[in-house]
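To start, the structure itself, in structure tokens.
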Amino acid sequence: MKNILFFLCVVVYSFMSLQIKAQIFQPVDYVNTLMGTDSEFKLSNGNTYPAIARPWGMNFWTPQTAKMGDGWVYGYDANKIRGFKQTHQPSPWINDYGQFSLFPMTGKLVINEEKRGSWFSHKAETAKPHYYKVYLADYDVVTEITPTERAAMFRFTFPENDESFVLVDAFDRGSSIKLIPSENKIIGYTTRNSGGVPDNFKNYFVVVFDKPFVKSEVWSKDKIIEGKTELTDNHVGAAIQFKTKKGEKIHARVASSFISYEQAERNLKELGNDSFDQVKEKGAASWNKELSRIKVEGGTDDQIKTFYSCLYRVLLFPRKFYEYDENGDVVHYSPYNGEVLPGYMFTDNGFWDTFRAVFPFFNLMYPSLNEKIQEGLANTYKESGFLPEWASPGHRDCMIGSNSATIVADAYLKGLRGYDVETLWDAVVKNTMHEGPMSSVGRYGVDYYNKLGYVPYNVGVNENVARTLEYAFADYCVYQLGKALGKPESEIDIFAKRAMNYKNVFDKESSLMRGRNEEGSFQSPFSPFKWGDAFTEGNSWHYTWSVFHDMQGLIDLMGGKQEFVSMLDSVFVVPPIFDDSYYGGVIHEIREMQIMNMGNYAHGNQPIQHMIYLYNYAGQPWKTQHWAREVMDRLYTPQADGYCGDEDNGQTSAWYVFTAMGFYPVAPATDEYVIGAPLFNKITVELENGNTINIEAPKNGKDNRYVQSIDLNGKSYSKNYFKYDELMKGASIKFDMDAEPNKNRGTQASDFPYSFSKEK
């Protein structure tokens, strides 16, 4: 009898344990880090790599299938891996810095990266945010990696072999290596970078194994250098030999620092005394903590995977470019002046992309993180004289605009505090008056812009209409920030006036934005299908909508709501015609638009991503609902070809995350999110302040994409936007969904989102 009771107790306990386990939400298991990796120079399906990392970690790791220096570091269609690389790459177009790799092998030692590569299969590969595992077939070795923010642990499972090796590759363009066999240790540094660094830039690394070396040697130019334990040259590394039994596991503990070897050793302590599996478990917990802040229910498996794969990408950049010194204080190596200084620093971000949705997402979900980022921006200004527009790790000459102003203003206007906002005010004002040391910093063509109200087409300043539009929105943001800081109207009124400069490049003949010459005439001939030239990685059909702060003003210019809607509709109706003459060939952004079968809508690049939401400003919100679902359904999947263009530091992912939640920040530096329609039946959003946003759409489904009505906190809600403060207090939002649009809801002018024209 006792045995039967014991057996029943075991069964009941096991069943309850399974039930409890099933209830524990593990969103990290839904993330596919390979989403977007089926990409190449001529066609981007994301241009991503599987980043093995902690959220916003200082160092990432990735398997390396491409040759050293190739920005397309991991290609899904590749069949060989040649290294496991520490990477800081934000984009293949920007490339990498501070990189080195480890690689195991057996048998004859092969140093050359082309010859040493091993065949692998995705069927024997596990790729998660916190953990990577792959079988290297040519060497019968399994490699596993799990990281912390500044360190990582490797676990190599070897076969029985007297010649088992781990190769440490410090890469070319200047590197150093030193063997310390008595401590099972390798130290070294790499200087390989793609720009944006001071002359004294180094990434110092330390690698400690848990097994004594049979033999350790240094190499240069793919050849062992006999009798040396230390070497500095163009391209050096180390080869560590072990004698292994079948299934023997050798661990390598790895960390790096941009400050010193001593700091790299200090960063290694992030691993503590944890085993590999304990580090892995903590990594999973770290990702689950952040990802589970938004819980989605009621979608398909692919929709849930896409959502969390996108959310993972939003939480990678900008990376933490700071460390903790011997006293536990925050310090950073400055990528601007080469000094080691106190305070926060973040990097690897292109604000031209991320001002649109990534930073508004942080202000909603991670305000305390963005407060640190704002301090880092102030430090950047103090150390370089300008705010960053594209940092990796220092200033890079890439893209256009003055979008740092938007990021600074939106944070402060959303209530973020605790940083030196007066320094940031000085910085954004300086940007309005000065060109920077490169065309992407400050405002290129600023003297023309401030004198004429636009950057002329015929004065040698490229992408002039795009610059005019982005400067005008930045001026709006500067004005609103100045008001919030209590600056005198006499000081800030000029920015309110310049916020209307978008009107100066609007051509009433075509109802589109068009290049304008210095004496006032519009460029001729003019094709709205011409990419580049007056625009940035797009054409007039894409950039005409870049009046984020004043859609009513744009509606008025076009002749009214119906004309505005007709122009919006036309983007999807006109065929994917393009003129690539400015570039002298089809750039990948053009090709991605052409093949998506959505007319001239180019979701694969950022300038037009907000455009779908603009129907809300003209009383036809059901068209927003239609097209938002079309884009989510057709242009995103959780697979290797899952994006329709460059992912770009989380921006294309943030569009999906916001849109799936049912609203989007069309105009940062305002307090509104424009409504679309949620993708899931239920979404629970846990805010940092402890409040919760509950979004319910019980009748949501494949066919039911249209909003019939909305209840906000138990009351009928007719607006086409949600207010930031309403959301931050916690909100209960219920969407009644249907297969047919409700053409009576959200049609009154009082329901339309904010426009600056109405304020002024």
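The values are calculated or read from the model by the stated rules, or taken from the named source; none is laboratory data. Please read all numbers here as calculations on a predicted model, not as lab measurements. Neighbour counts run over all protein chains shown; Cβ positions are idealised from the backbone, glycine included. The accessibility values were calculated without ligands, DNA or RNA, using every heavy atom of the protein model including side chains. Shrake-Rupley method; radii C 1.70, N 1.55, O 1.52, S 1.80 Å.
Listed here are the residues, each with its yes/no results for (1) out of contact with any strand residue (DSSP E or B) (no Cβ under 8 Å at 6 or more places or on another chain); (2) buried (at least 24 other Cβ atoms within 10 Å of the Cβ); (3) within 24 Å of Pro50 (Cα to Cα); (4) polar (S, T, N, Q).
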{"residue": "Gln594", "(1), (2), (3), (4)": "yes, no, no, yes"}
{"residue": "Thr624", "(1), (2), (3), (4)": "no, yes, no, yes"}
{"residue": "Leu635", "(1), (2), (3), (4)": "yes, no, yes, no"}
{"residue": "Pro638", "(1), (2), (3), (4)": "yes, no, yes, no"}
{"residue": "Gly662", "(1), (2), (3), (4)": "no, yes, no, no"}
{"residue": "Gly676", "(1), (2), (3), (4)": "no, yes, no, no"}
{"residue": "Glu696", "(1), (2), (3), (4)": "no, no, no, no"}
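One residue stands out in segment 706-722 among those that are open to solvent by less than 60 Å² (accessible area, probe 1.4 Å) and polar (S, T, N, Q): the one that is nearest to Phe663 (Cα to Cα), namely Asn720. For segment 190-239, the strands (runs of 3 or more DSSP E) that sit wholly inside it and include 3 or more residues that are β-branched (Val, Ile, Thr) are 203-209. Within segment 723-751, if we keep just the residues that are within 13 Å of Gln620 (Cα to Cα) and assigned to a loop (DSSP other than H, G, I, E, B), the residue that is least open to solvent (accessible area, probe 1.4 Å) turns out to be Gly746. Listed conditions (1) of a type in the set (Val, Ile, Thr); (2) in contact with a Ser or Thr (Cβ under 8 Å, 6 or more places away or on another chain); (3) surrounded by 24 or more Cβ atoms within 10 Å (Cβ to Cβ) are all met by Val441, apart from (2). The set of residues in segment 32-71 being surrounded by 23 or more Cβ atoms within 10 Å (Cβ to Cβ) and in contact with a helix residue (DSSP H, G or I) (Cβ under 6 Å, 6 or more places away or on another chain) consists of Met35, Ser44, Arg54. Of all residues assigned to segment 604-612, at least one qualifies as being over 18 Å from the mean Cα position of the chain (by Cα) and either farther than 24 Å from Leu316 by Cα or not small (Gly, Ala, Ser) (or both). Would you check if Val166 is modelled with pLDDT of 95 or more, open to solvent by 20 Å² or more (accessible area, probe 1.4 Å) and under 22 Å from Asp274 (Cβ atoms)? Here the answer is no, as Val166 does not meet what is asked.
Yes/no per residue for (1) touching a residue at least 60 places away in the same chain (Cβ under 8 Å); (2) assigned to a loop (DSSP other than H, G, I, E, B):
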position	(1), (2)
Ile577	no, yes
Tyr582	no, yes
Gly585	no, yes
Arg591	yes, no
Gly599	no, yes
Pro607	yes, no
Tyr615	no, no
His626	yes, no
Cys644	yes, yes
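For beta carbons closer than 8 Å, sequence separation of 6+ or different chains, a first residue in segment 160-183 that is in contact (Cβ under 8 Å) with a residue 24 or more places away in the chain and a second that is open to solvent by 20 Å² or more (accessible area, probe 1.4 Å) and aromatic (Phe, Trp, Tyr), the qualifying pairs are Ala170/Tyr189; Ser175/Tyr189; Ser176/Tyr189; Pro181/Phe213. Taken over segment 319-347, residues that are within 10 Å of Gly376 (Cα to Cα) and surrounded by fewer than 20 Cβ atoms within 10 Å (Cβ to Cβ) amount to 1. Taken over segment 449-479, the criterion of being open to solvent by 20 Å² or more (accessible area, probe 1.4 Å) and either assigned to a helix (DSSP H, G or I) or in contact with a Cys (Cβ under 6 Å, 6 or more places away or on another chain) (or both) is satisfied by Asn450, Lys451, Leu452.
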